[in-house]
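I have placed the structure first, in the form of structure tokens, so that the comments after it can refer back to it.
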Amino acid sequence: MARIVIKNLCKDYDSGKGKTIHAVKDASLTVENGEVIVIIGPSGSGKSTLLRSINKLEIPTSGHILIDDDDVTSPGTDIRKIREEVGMVFQSFNLFPHLSVSDNITLAPIKVKKMEENEAKELALKLLKQVGLEEKANAFPNELSGGQQQRVAIARALAMKPKVMLFDEPTSALDPEMIKEVLDVMLDLAKSGMTMLLVTHEMGFARAAADKVIFMDNGEIIETGKPEDLFTHPSNERTQSFLDHIL
């Protein structure tokens, strides 16, 4: 069953100098239920723009995005309801500094999903245990390392019980020694059967967790394949050139 279907997606920007920037060009892909897809490519290749278009943080110029047959790009679609079912983790953690870790996690379930406070707190503790931070429930974000804050951000996204998780370079703002703790949580999430679409430069994670890897360049999806195929025998010269520089 297809969880996400992207059809001929285009995203253009006006550079302000009379020139149009084609950030995403005619991109199409399907994400099956329970599938983990990793998008790789050089900076400025359109990876994050494609990802952010799924929950309409970027407004597509043309094309269609369907989540469980709901057309995100349709003017009549309730995007707030879509966002409740599509969790997203960004480069920056975006935690509320004046709220405890537990309150950061329970805020949306209580306010948006009208969950009872006791139930939300129980869920928060369960999720904190899942990400290895059960003892930090009453801590505040400034008392946590970057890796811990990102794990709290993942728990916060999971608290909405999403059908899909999107990750936009979730480890790029972390010190090297903190990256593994976040990737381990993401790997466990992938193994649990969560549908995931990620933009990342962590090729080891892509090899270990991805069902498919997509290479983008210059706004286009250049190549798609299983990790073992794309990393060892890419069929496109641009993919090979990119991998030669990073592997």
So, in region 185-215, of the ones that are in contact with a strand residue (DSSP E or B) (Cβ under 6 Å, 6 or more places away or on another chain) and open to solvent by 20 Å² or more (accessible area, probe 1.4 Å), which residue ends up farthest from E117 (Cα to Cα)? K212
Are any residues in region 104-118 touching a Pro at 6+ places or on another chain (Cβ under 8 Å) and either in contact (Cβ under 8 Å) with a residue 40 or more places away in the chain or open to solvent by 60 Å² or more (accessible area, probe 1.4 Å) (or both), and if so, which ones? N104
Within region 80-103, the residues that are over 15 Å from the mean Cα position of the chain (by Cα) and surrounded by 16 or more Cβ atoms within 10 Å (Cβ to Cβ) are L95, S100, V101, S102, D103
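Residues are listed down the side, and each one gets a yes or a no for (1) assigned to a loop (DSSP other than H, G, I, E, B); (2) among the aromatic types (F, W, Y); (3) more than 21 Å from A27 (Cα to Cα); (4) in contact with a helix residue (DSSP H, G or I) (Cβ under 8 Å, 6 or more places away or on another chain):
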residue: T171; (1), (2), (3), (4): yes, no, yes, yes
residue: M178; (1), (2), (3), (4): no, no, yes, yes
residue: L197; (1), (2), (3), (4): no, no, no, yes
residue: A208; (1), (2), (3), (4): no, no, yes, yes
residue: T224; (1), (2), (3), (4): no, no, no, yes
residue: E228; (1), (2), (3), (4): no, no, yes, yes
residue: F242; (1), (2), (3), (4): no, yes, no, no
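Mind checking which strands (runs of 3 or more DSSP E) fall wholly inside region 1-118 and carry at least 1 residues that are at pLDDT 95 or above, touching a strand residue (DSSP E or B) at 6+ places or on another chain (Cβ under 7 Å) and at positive phi?
Hits in region 1-118: 2-14, 20-32, 62-67.
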Which members of region 1-53 meet the condition of being under 23 Å from L247 (Cβ atoms) and among the basic types (K, R)? K47
Could you check region 128-155 and list, in sequence order, the residues that are open to solvent by less than 40 Å² (accessible area, probe 1.4 Å) and more than 18 Å from the chain's Cα centre (by Cα)? L128, L133, A137, A139, P141, L144, S145
Region 130-161, residues that are over 20 Å from G87 (Cα atoms) and out of contact with any Leu (no Cβ under 7 Å at 6 or more places or on another chain): E135, N138, A139, F140, N142, E143, L144, S145
Looking only at region 157-184, count how many residues are closer than 25 Å to F215 by Cβ, hydrophobic (A, V, I, L, M, F, W, C) and open to solvent by 10 Å² or more (accessible area, probe 1.4 Å). 4
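The values are calculated or read from the model by the stated rules, or taken from the named source; none is laboratory data. Please read these numbers as outputs of a predicted model, since none were measured by experiment. Positions of Cβ are generated from backbone atoms using ideal geometry, with glycine treated the same way; all protein chains shown enter the neighbour counts. Ligands, DNA and RNA are stripped out before the accessible areas are found, and what is left, the full protein with its side chains, is counted by its heavy atoms. Shrake-Rupley method; radii C 1.70, N 1.55, O 1.52, S 1.80 Å.
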